[in-house]
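To start, the structure itself, in structure tokens.
The values are calculated or read from the model by the stated rules, or taken from the named source; none is laboratory data. Keep in mind it's a predicted model, so treat the numbers as computed, not measured. Positions of Cβ are backbone-derived with ideal geometry, glycine not excepted, and every protein chain shown enters the neighbour counts.
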């Protein structure tokens, strides 16, 4: 587990960052439960780890402002403030531009064989970040400060993209991206699907900068924002949902792409359209999952929203319409009442399963840490003790042999015979010394009684936790078909519209 795991937790569990964000007691309890499940017991005792947590929170809120952050005694205090200084006005801007220009050997033009791509390699990125780290100005967005310096250094156009990545800084020259002019008559039509941007450019960008893991996180986040913002907070009615849901989701994807990458609305509008199309079912599968998570806690706004899909027909303006239904493959129709108990049980069990699985992973990591040479303490100590026993027996044999030589030496009359016997005794002493040394090394390598007992206790807990996990998994398996039927039916309903009869 690392800073990236904490960052992932924040993205998946917090509301989207805003200046009026409120860190609740529930947020606090959930966060420290997560830390306790996934990190070692002394993780919060190390100052470096506390700074790592703070950095993850700073990164999360960076798009909207800077934070005052305190973590103490399993309690986080958090307040978000708007940036008060413009990065382009910083007196340190020219120095950072100089650093970039002075290290052109770490700049790769025509990156990946494309004339519209530039890569600032890790060596220069590290120098940039080392310099920025010396600036103690929290009231300025450091990420934006770096992007502006890169733009100045390469004399980029306003719509060119600068992306700060883990190992590099990537530049996309959008002026060079193939783009067709959209006629007024083509707006809001399929011709304007990707904002006029060439699909190949979007496909290449998507392949280069989205991993499967990032895809999953991104679309979970998009779905959560949509459900929180429109169904829970704004309580959108079903009529407006049918009219505007796709546009709302597309707008959220665009906003999240801009927040993730760079403020180039023209390109990311096109990319949003592209990835929304190729991930359409995944997006609404995540929306359905987010809705069902609210059903599991009996959120009245979400339950009201879902009641619509049980109406069968509605009359609007004197016109009768057939309403989409939440229907299983075998023709079974789901309504809020019939799905409620299954959804609650399944999602509660799934959360419990994930919690136990995390506990199990943590225990497995602890048992590995107690192991040696690929062997658990029981196995290692058993082999070690057998080797010690063997060496001890060999020592006893040598000592007996040496006694015989001493007896022979005592009785010997011939000087040559005495010398020969003394040489044999010296060799046996050396061999015995080596065996004692080896024996001592083996004894020192033996896993301590404390760690040995700790392992035995862990193994017992591990077996018990494995049994608990199997029990929860059995409940999931028993309800998997019904939950999947509900979710599949809900996805179909969410992407459908009422039809005039």
Filtered residue count, the range 125-141, keeping only those that are at pLDDT 90 or above and under 26 Å from the mean Cα position of the chain (by Cα): 7
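Does residue 289 fit the bill of being buried (at least 16 other Cβ atoms within 10 Å of the Cβ), in the same structural domain as residue 222 (by TED's automatic domain parsing) and either at pLDDT 90 or above or under 30 Å from residue 194 (Cβ atoms) (or both)?
Details: buried (at least 16 other Cβ atoms within 10 Å of the Cβ): yes; in the same structural domain as residue 222 (by TED's automatic domain parsing): yes; either at pLDDT 90 or above or under 30 Å from residue 194 (Cβ atoms) (or both): yes.
It is true that residue 289 is buried (at least 16 other Cβ atoms within 10 Å of the Cβ), in the same structural domain as residue 222 (by TED's automatic domain parsing) and either at pLDDT 90 or above or under 30 Å from residue 194 (Cβ atoms) (or both).
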Residues of the range 134-161 satisfying the condition of being in contact with a strand residue (DSSP E or B) (Cβ under 8 Å, 6 or more places away or on another chain) and either in the same structural domain as residue 259 (by TED's automatic domain parsing) or over 21 Å from residue 67 (Cα atoms) (or both): 150, 151, 154, 156, 160, 161
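Which one of these is at pLDDT 90 or above and either closer than 30 Å to residue 36 by Cα or over 42 Å from the mean Cα position of the chain (by Cα) (or both): 429, 416, 437, 404?
Working: 429 fails: at pLDDT 90 or above; 416 fails: at pLDDT 90 or above; 404 fails: at pLDDT 90 or above.
Testing whether each residue is at pLDDT 90 or above and either closer than 30 Å to residue 36 by Cα or over 42 Å from the mean Cα position of the chain (by Cα) (or both) leaves just 437.
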Criterion: part of a helix (DSSP H, G or I) and either within 19 Å of the chain's Cα centre (by Cα) or without any contact (Cβ under 8 Å) to a residue 12 or more places away in the chain (or both) - qualifying residue of 252, 217: 217
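Among the listed residues 257, 250, which satisfies the condition of being in contact with a helix residue (DSSP H, G or I) (Cβ under 6 Å, 6 or more places away or on another chain) and farther than 26 Å from residue 146 by Cα? Don't jump to the end; show me each part of the working.
Numbers: 257 fails: farther than 26 Å from residue 146 by Cα.
Of the residues listed, the single one that is in contact with a helix residue (DSSP H, G or I) (Cβ under 6 Å, 6 or more places away or on another chain) and farther than 26 Å from residue 146 by Cα is 250.
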Within the range 174-194, of all residues that are out of contact with any strand residue (DSSP E or B) (no Cβ under 8 Å at 6 or more places or on another chain), surrounded by fewer than 20 Cβ atoms within 10 Å (Cβ to Cβ) and part of a loop (DSSP other than H, G, I, E, B), the one modelled with the highest pLDDT is 193
Conditions (1) more than 56 Å from the chain's Cα centre (by Cα); (2) loosely packed, with under 15 Cβ neighbours inside 10 Å -> residue 421 fails only (2)
Conditions: (1) modelled with pLDDT under 95; (2) surrounded by 12 or more Cβ atoms within 10 Å (Cβ to Cβ); (3) part of a helix (DSSP H, G or I). Residue 118 meets all but one. Number of the miss? (3)
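Here is a check on your reading of the model: is residue 37 under 21 Å from the mean Cα position of the chain (by Cα) and farther than 28 Å from residue 144 by Cβ? Steps first, answer last, please.
Working: under 21 Å from the mean Cα position of the chain (by Cα): yes; farther than 28 Å from residue 144 by Cβ: yes.
Yes: the conditions hold for residue 37.
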Flag for residue 99 being under 29 Å from residue 294 (Cβ atoms), touching a residue at least 12 places away in the same chain (Cβ under 8 Å) and either touching a helix residue (DSSP H, G or I) at 6+ places or on another chain (Cβ under 6 Å) or in the same structural domain as residue 158 (by TED's automatic domain parsing) (or both): no
Answer yes or no: is there a residue in the range 258-277 that is at pLDDT 90 or above, in a helix (DSSP H, G or I) and surrounded by fewer than 18 Cβ atoms within 10 Å (Cβ to Cβ). yes
